[in-house]
Amino acid sequence: MRALRVNYSLSPKEVADCLGIQQETLLKYEEDSSDIPIHLANALADYYDVNLDSVFLGQTSDLKQKFKESKFKNNL
C-alpha cells in the first residue's frame, strides 16, 4: 500500500482523509501491524484505479499499463 501512495506522491494524511480514517491507522495498515478491512482495501483500489492485488502487492498503475501494452504488442 505504501508503494502505491508514494508512487502517486501522496502523503499518509491525504490518503487517510480520503478514506475517512486517521493517519495513524493508515500507517498501521501500511506496516502490516493491523489488518485492513476489505471495504477499505476496495476503496484504496478504486482510489488508485488498480485491482486488489496491486493494493497488497504494491504494483503501480504504470506497471499495469506497461503490462497491457506489452501484451497487446505480443498479440499483433
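Assuming charge only on the beta carbon of Lys and Arg (+1) and of Asp and Glu (-1), the dipole of the range 7-55 about its Cα centre is about 100 debye to the nearest 20.
Per-residue extension of 0.36 nm, minus the Cα-Cα distance of ASP35 and LEU57, leaves a gain of 6.5 nm for this segment. Note on ILE38, ILE21: ascending count of other Cβ atoms within 10 Å places them as ILE38, ILE21, the fewest first.
Sorted fewest first by neighbouring Cβ atoms within 10 angstrom, LYS13, LYS28 come out as LYS13, LYS28.
Each residue in ASP35, ASP17 was given a count of other beta-carbon atoms within 10 angstrom of its own, and listing them fewest first yields ASP35, ASP17.
No lab work stands behind these numbers, since they all come straight from the coordinates. Since the model is a prediction, treat every value here as computed from it, not as a measurement. Using ideal geometry, Cβ is built from the backbone for each residue, glycine included, and neighbour counts are taken over all protein chains shown.
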